[in-house]
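Here is the structure we will look at.
The values are calculated or read from the model by the stated rules, or taken from the named source; none is laboratory data. Since the structure is predicted, the reported quantities are computational estimates derived from the model, not experimental observations. Here Cβ is always computed from backbone atoms with ideal geometry, including for glycine, and neighbour counts include all displayed protein chains.
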Amino acid sequence: MHPTFELDQIDFYRVMQVDPAADPDIIKAAYRVLARKLHPDHTGDESAMKRLNTAWDVLRDPGRRTAYDAERNAAAVAAGQPTSSQSSTLGGSVQAKSLADDHAGPPPGGAYGPVVTFGRYEGWSIGEIARVDKPFLEWLKGVQAGRHLVHQIDALLREIAGASGTAARFSDGRLPEHRDLFAR
């Protein structure tokens, strides 16, 4: 079994970059994306990969996840932190992160493409997300919640990959902000 959760310990949900109420399929998808990114054989960080594997080991098993959630919630209550529980697909309750802790903040402006209506980048267009977090868009294409955006994300990523030089523009004629972030 995993060690007792304390507030100063690593939060497995943060390591996996998922909400505590996330569906097991979302956690699995997040693990796969992060494992590809962090694997030491692909210029990743060995210590980060170990943290990811520890988090995955706990969160993929319904029994261990339920026990971890209970310990995590008890530690928050003991520390006097507010807890907002919501039911999960595991049948228990899990502590949800507050929007202030988890949200990326207001969109930076220069909206381009459809707007995401959920998660960390709620209210941001896919163009705004691409400027600051292209790997998130790649991940979003592979999860059920983002499947309806696959064609738009693919078109945007193709556009970004083809954008070079000072004349590179979006298809509507606007110049992308922070063009240097679009470089591979």
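Only residues that are within 16 Å of D25 (Cβ to Cβ) and either surrounded by 13 or more Cβ atoms within 10 Å (Cβ to Cβ) or out of contact with any helix residue (DSSP H, G or I) (no Cβ under 8 Å at 6 or more places or on another chain) (or both): list them for the range 136-147, please. Write out each step before concluding.
Applying the first criterion (within 16 Å of D25 (Cβ to Cβ)) to the range 136-147 yields 139-147.
Matches in the range 136-147: W139, L140, K141, G142, V143, A145, G146.
Restricting attention to the range 134-176, and to residues there that are within 14 Å of G113 (Cβ to Cβ) and not in a helix (DSSP H, G or I), which single residue is modelled with the lowest pLDDT?
P176
Please identify the pairs in which a residue from the range 128-141 that is in the same structural domain as A22 (by TED's automatic domain parsing) has its Cβ atom under 9 Å from the Cβ atom of a residue that is modelled with pLDDT under 85, counting only partners at least 6 apart or on another chain.
none
If I filter the range 8-20 down to residues being surrounded by fewer than 20 Cβ atoms within 10 Å (Cβ to Cβ) and over 10 Å from the mean Cα position of the chain (by Cα), which single residue comes out as nearest to A70 (Cα to Cα)?
D11
Could you check the range 118-133 and list, in sequence order, the residues that are in contact with a Gly (Cβ under 8 Å, 6 or more places away or on another chain) and assigned to a helix (DSSP H, G or I)?
From the range 118-133, those in contact with a Gly (Cβ under 8 Å, 6 or more places away or on another chain) are 125-128, 131; that's our starting set.
Within the range 118-133, I126, G127, E128, R131 meet the criteria.
In the range 32-64, how many are surrounded by 16 or more Cβ atoms within 10 Å (Cβ to Cβ), in contact (Cβ under 8 Å) with a residue 24 or more places away in the chain and touching a Leu at 6+ places or on another chain (Cβ under 7 Å)?
Within the range 32-64, residues that are surrounded by 16 or more Cβ atoms within 10 Å (Cβ to Cβ), in contact (Cβ under 8 Å) with a residue 24 or more places away in the chain and touching a Leu at 6+ places or on another chain (Cβ under 7 Å) number 1.
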